[in-house]
Amino acid sequence: MTRIAVLNGPNLDRLGKREPEIYGSATLLDLENTLRERFPKVEFEFFQSNSEGALVDKISQLADSNYSGIVFNPAAYSHTSIALLDALSGAGIPTVEVHISNIHVREEFRHHSYTAGASLAVITGMGQKGYEYAIDFLLNR
């Protein structure tokens with residue numbers, strides 16, 4: 001069975017409550033359930049943290065496991081974290097970065113993503129559907 005980790009960064013635990021006009025009304029649990037239903041032959045590991053260090057630790061743990069891919073929404077850390085870039089670069093696991101909102105039409109500081117440099121692709125502005133597209137990409141590349 002294919003194993004894919006879905007990692008989510010800060011404030012994504014607030015999906016469905018935080019700025020629904022930007023991020024939608026579906027919760028993180030809704031997203032996880034949708035992905036399990038849409039991809040029944042994939043073994044998922046879901047992880048969310050508001051802590052940069054916890055995300056670095058999780059990526060390191062995944063690097064020593066048998067994962068086919070990572071779908072990662074680093075949220076605001078994508079614009080600031082060299083540590084996450086280094087963790088992804090060193091993990092050796094194909095990664096697709098996902099952003100629910102279109103980071104290129106938001107504030108200027110959101111236009112650059114450090115973590116994108118360690119990703120095969122970046123999907124931005126497609127809502128939670130972006131996670132499905134990322135998994136499709138990983139499964140069919």
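Among what's in the range 1-11 and is farther than 13 Å from Tyr131 by Cβ and crowded, with 16+ Cβ neighbours inside 10 Å, pick the residue that is nearest to the chain's Cα centre (by Cα). Taking the candidates together, the pick is Gly9. The set of residues from the range 35-56 being of a type in the set (D, E, K, R), part of a helix (DSSP H, G or I) and within 21 Å of Ala91 (Cβ to Cβ) comprises just one member, Glu52. When each of Glu108, Glu97 is tested for being of a type in the set (D, E, K, R) and either in contact with an Asp or Glu (Cβ under 8 Å, 6 or more places away or on another chain) or in contact (Cβ under 8 Å) with a residue 24 or more places away in the chain (or both), the lone residue that passes is Glu97. Looking across Ile59, Ile70, one residue alone is of a type in the set (Val, Ile, Thr), assigned to a strand (DSSP E or B), touching a residue at least 40 places away in the same chain (Cβ under 8 Å) and closer than 15 Å to Thr95 by Cβ. It is Ile70.
Going residue by residue through the range 12-34, is there one that turns out to be surrounded by 20 or more Cβ atoms within 10 Å (Cβ to Cβ) and assigned to a loop (DSSP other than H, G, I, E, B)? Yes: one or more hits.
Throughout, read-outs are computed from the coordinates displayed, never taken from laboratory work. Source: prediction; values computed, not measured. Don't worry about glycine lacking a Cβ; one is built from the backbone with ideal geometry, like all the others, and counts go over all protein chains shown.
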